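We did not get these values from a lab; they are worked out from the coordinates using the rules stated. None of these values were measured; they are calculated from a predicted model. We place every Cβ from the backbone using ideal geometry, glycine too, and count neighbours over all the protein chains shown.
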Protein chains: 2
Amino acid sequence: MKKIRILKPVLVSNQQRARENRGVFDRMNSLVINIIASPGAGKTSFIKYLVNVMKKTCKILVVEGDIKGQIDSKSISRLGVDVIQINTATECHLDAFMTAQVLPKIKKNYDLILVENIGNLVCPAEFEIGEDFKLAILSTPEGDDKPLKYPLLFHLAKVIVINKRDLLPYVDFRPDEAIKNIQKENPKAVIFEVSAKTGEGFEEVFRYIHKELNARKKKSKR
Amino acid sequence: MKKIRILKPVLVSNQQRARENRGVFDRMNSLVINIIASPGAGKTSFIKYLVNVMKKTCKILVVEGDIKGQIDSKSISRLGVDVIQINTATECHLDAFMTAQVLPKIKKNYDLILVENIGNLVCPAEFEIGEDFKLAILSTPEGDDKPLKYPLLFHLAKVIVINKRDLLPYVDFRPDEAIKNIQKENPKAVIFEVSAKTGEGFEEVFRYIHKELNARKKKSKR
């Protein structure tokens, strides 16, 4: 028996469920960001840096996707924001159905919902969850060629964050080359260069997310 | 329509095909290592360091798995060893059927076949390809908690290489903690600590692979 190819019908039904999730998020008036990166690229550190500053001005929920365990959920909870854990057991990505299971647990309206997907550059890109946009993180130790090797994610992500700028002196990563490679796949990508360790570059990220939050508020008033 | 779960039957048929591949590799008397890691953990650098030294004493083939492109194949070819490229297009892992498609292209007997899987800690662990063993690479910038978050790979890999030791002074990675976490999932794991940049720690890796090559030769003489 050969491997059965059912990718397309699965994605179609996932898209339907993602639209339904989107309807729920719209009624809550929440900006939902689907955060995707390799294992250890700094998804959790990025979220923690964002949460720590932005929790003063907006209501944040973090949805934490992991194969197993609650290591990151616990560390984010300590910042005083609400966290919901999804454990996928064997699945290498979040999908719209898993996200739908979270919806009944959301008991109030959040301005910003940050979803940390499973550490993987491939499948998470294929499954919409009802997000406003995907935010991809590429860390400098991974190399500047990754946008060419994992093109779908870098093609679909509206925002791409180059993280771990603090390691630039010690790794073979050319920021200009990385940006060129990103733009080959996605000429309109919004690109930020940061270090979630030192905080470098985060001012522009905050400004961007505030702008997106305001755009969403205006949309809901119409 | 809900997502269809067909994981189990797929794995069973994959295992059958993997056994058939294994039969072919046995007849060639090749040691086959399935190398699995995150994007950018240093799979290609590890392979290049190994090849550069070991090509003097044994015949090596590299099978290079990528979603798209031939960046790594080209750079490995320049070392003067044979390379076969597999492009998976959308698949996030190699499986036994993809590997079977490579077999007719293998025109001579190699002592050592190094298979570089897709950069992903999840699905590549689930699909046997007919390998002698899996070798997982964990790089220091990824963090010492990864064995707990992606347990299946670290459970199944006979050999686990901690790479990028040269970055230890600059990242939050505790080698003892990483080893403890690996051993929680896999008490018998053979663990090496290396830097594919400086060559640190490779002597022990060479010794180990030579031992495995000799064991395979003895087995075939019986």
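Determine the shape class of region B:1-110: with a ≥ b ≥ c the square roots of the Cα gyration tensor eigenvalues, call it rounded for a/c under 1.5, and otherwise prolate if a/b is greater than b/c, oblate otherwise. Oblate. Since only B:VAL115, A:ALA100, B:VAL12 are under comparison, the one whose Cα sits farthest along the positive direction of the charge dipole of the protein assembly as shown, derived from C-beta charges on Lys, Arg, Asp and Glu, is B:VAL12.
3J(HN,Hα) couplings calculated from phi for region B:134-150 with the Karplus curve 6.51 cos²θ - 1.76 cosθ + 1.60 (θ = phi - 60°) are, in sequence order, 8, 10, 9, 10, 10, 9, 4, x, 6, x, 7, 8, 4, x, 7, 8, 10 Hz; Gly and Pro show x. Across region B:126-205, the relative contact order, built from alpha-carbon pairs under 8 Å that are at least six residues apart, equals 32 percent.
What are the trypsin sites (Lys or Arg not before Pro) within region B:104-175 that DSSP puts in a loop, where the Cβ has at most 14 other Cβ atoms within 10 Å? Please report the intermediate quantities before stating the final value.
Details: sites: B:LYS105, B:LYS107, B:LYS108, B:LYS134, B:LYS149, B:LYS158, B:LYS164, B:ARG165; in loops: B:LYS107, B:LYS108, B:LYS158, B:LYS164.
Sparse-neighbourhood loop trypsin sites (Lys or Arg not before Pro): B:LYS107, B:LYS108.
Its alpha carbons considered, region B:14-221 gives a radius of gyration followed by a Dmax of 16.1, 49 Å.
Please state the charge dipole magnitude for region A:10-221, taken about the Cα centre, from unit charges on C-beta atoms (+1 on K and R, -1 on D and E), reported in debye and rounded to the nearest 20.
Working: 33 positive and 27 negative charges, 209 e Å.
Dipole magnitude for region A:10-221 comes out near 1000 debye.
Placing a label point 7 Å from Cα along the Cα-to-Cβ axis, B:GLY199 is separated from the same position in the other copies by 4.3 nm, shortest listed first.
Taking amide hydrogens as placed 1.01 Å from N in the peptide plane, the amide H of B:ILE191 sits under 5 Å from those of B:ILE160, each at least 5 positions away in sequence or on another chain. Over 19 Å apart at the Cα level, from the set B:LYS146/B:LYS184; B:LYS55/B:LYS221; A:LYS197/B:LYS149; A:LYS197/B:LYS197, are B:LYS55/B:LYS221; A:LYS197/B:LYS149; A:LYS197/B:LYS197.
The phi-based Karplus calculation (6.51 cos²θ - 1.76 cosθ + 1.60; θ = phi - 60°) puts the 3J(HN,Hα) values of region B:94-100 at 8, 10, 5, 6, 4, 5, 4 Hz, whole numbers, x for Gly and Pro.
Rounded, prolate or oblate: which one fits the protein assembly as shown, using the alpha carbon gyration tensor with axes a ≥ b ≥ c (rounded when a/c is under 1.5, else prolate when a/b beats b/c, else oblate)?
Working: a/c = 2.00, a/b = 1.62, b/c = 1.24.
Since a/c reaches 1.5 and a/b is larger than b/c, the shape of the protein assembly as shown is classed as prolate.
Dipole orientation for chain A: of the candidates A:HIS210, A:SER139, A:ILE36, A:HIS210 has the Cα lying most toward the positive pole (charges on Cβ; Lys, Arg +1; Asp, Glu -1).
In what sequence do A:VAL190, A:VAL159 fall when counting other Cβ within 10 Å, fewest first?
On the way: A:VAL190 16, A:VAL159 19.
With the fewest neighbours first, A:VAL190, A:VAL159 line up as A:VAL190, A:VAL159.
Can you give the extra length, in nm with one decimal, that the chain gains between A:LEU168 and A:GLN15 once fully stretched, where that is 0.36 nm per residue apart less the Cα-Cα distance? Present the calculation step by step, with values, prior to reporting the outcome.
Working: separation 153, 0.36 × 153 = 55.08 nm, distance 3.85 nm.
Between A:LEU168 and A:GLN15, full extension yields 51.2 nm more.
For a 30 Å ceiling on Cα separation, which of these pairs sit above it: A:LYS43/B:LYS105; B:LYS108/B:LYS219; A:LYS108/A:LYS218? Don't jump to the answer; show the numbers that get you there.
Working: A:LYS43/B:LYS105 40 Å; B:LYS108/B:LYS219 20 Å; A:LYS108/A:LYS218 20 Å.
Listed pairs above 30 Å: A:LYS43/B:LYS105.
Across identical copies of the chain, B:GLY23 has label-point separations of 5.4 nm, listed in ascending order, with the point defined 7 angstrom from Cα along Cα→Cβ. For region B:75-81, 3J(HN,Hα) computed residue by residue from phi via the Karplus equation (6.51, -1.76, 1.60; θ = phi - 60°) reads 6, 6, 3, 4, 7, x, 10 Hz, glycine and proline entered as x.
Multiply the residue separation of B:ASP176 and B:ILE71 by 0.36 nm, subtract the distance between their alpha-carbon atoms, and state the gained length in nm to one decimal. It would help to have the intermediate numbers written out before the result.
Numbers: separation 105, 0.36 × 105 = 37.80 nm, distance 3.43 nm.
Length gained, B:ASP176 through B:ILE71: 34.4 nm.
Straight-distance candidates among the aspartates and glutamates for linking to B:LYS48, with alpha-carbon spacing under 13 Å and chain neighbours fewer than 8 residues away dropped: B:GLU64, B:ASP72, B:ASP82, B:GLU116. The same position A:LEU79 in the other copies lies at 4.0 nm from this copy, comparing label points 7 Å beyond Cα toward the beta-carbon, shortest first.
Working from Cα pairs under 8 Å separated by at least six residues, relative contact order for chain A is 24 percent.
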